[in-house]
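Values in this text are rule-based calculations from the coordinates and carry no lab data. Please read these numbers as outputs of a predicted model, since none were measured by experiment. Cβ coordinates were reconstructed from backbone atoms using ideal geometry, including for glycine residues, and neighbour counts include every protein chain displayed.
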Amino acid sequence: MDEPFSALDVQTRQLMENELLGLWAEKKKAVLFITHDLDEAIALSDRVVCLSAGPGSHPIGEFAIDLPRPRDVAEVRATPRFVELHQAIWSVLREEVLAGYRQQLAA
């Protein structure tokens, strides 16, 4: 899934994210979810893989998401563990985000 909720308003997005979590809990099928939203990645995932800025992107970090299930995306974002995970992942992504921004400015 490549950013399927990006065009939705915040409330509808949260409903759809929780719907996805419910479907996953019921079906237990693997889902590859691509997003630029770090909060969304953490709230929905069991594992987050970070990629370098393109072109020629490659993995630069992998994080196990050990938040308990079932999850509500709005509630889980307020937990201390979510904040810890966000800080750890952002520390890896920060320079890549800035590199991507510089690439856009140069284009």
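Mind listing which trypsin sites (Lys or Arg not before Pro) in region 1-61 are in a DSSP loop and have 15 or fewer other Cβ atoms within 10 Å? Don't skip to the answer; put the middle values down first.
Values: sites: Arg13, Lys27, Lys28, Lys29, Arg47; in loops: Lys28, Lys29.
Those satisfying the criteria are Lys28, Lys29.
Have a look at Ala25, Val76, Val97 and report the one farthest towards the positive end of the charge dipole of the chain, computed about the Cα centre with Cβ charges (Lys/Arg +1, Asp/Glu -1).
Comparing the listed Cα positions along the dipole, Ala25 ranks first.
Would you mind ranking Thr79, Thr35 so that the residue whose beta carbon has the fewest other beta carbons within 10 Å leads the list? Don't jump to the answer; show the numbers that get you there.
Working: Thr79 13, Thr35 17.
In increasing order of surrounding Cβ atoms, one gets Thr79, Thr35.
In nm, give the distance between the simple-model label positions of Asp66 and Arg94, each being 7 Å from the Cα along the Cα-to-Cβ direction.
Label-label distance for Asp66 and Arg94, simple model: 2.4 nm.
Find the relative contact order for region 7-80 and round it to a whole percent, using C-alpha pairs within less than 8 Å whose residues are 6+ positions apart.
It comes to 30 percent, rounded to a whole number.
I'd like the Karplus ³J(HN,Hα) series for region 27-35: coefficients 6.51, -1.76, 1.60, θ = phi - 60°, whole numbers in Hz, and an x wherever there's a Gly or Pro.
Those phi angles translate into 9, 6, 8, 5, 10, 9, 10, 9, 8 Hz.
Given R₀ = 30 Å, what would the calculated FRET efficiency be for Met16 paired with Ala106, taking r from the Cβ atoms and rounding to 0.05? Can you show the working numbers first?
Details: r = 35 Å, r/R0 = 1.18.
Efficiency at R0 = 30 Å is approximately 0.25.
Could you tell me which label, among [x] 37, 17, 10; [y] 23, 16, 14; [z] 25, 16, 14, carries the value of semi-axes √(5λ) of the Cα gyration tensor in Å calculated for this structure?
Checked against the structure: label [z].
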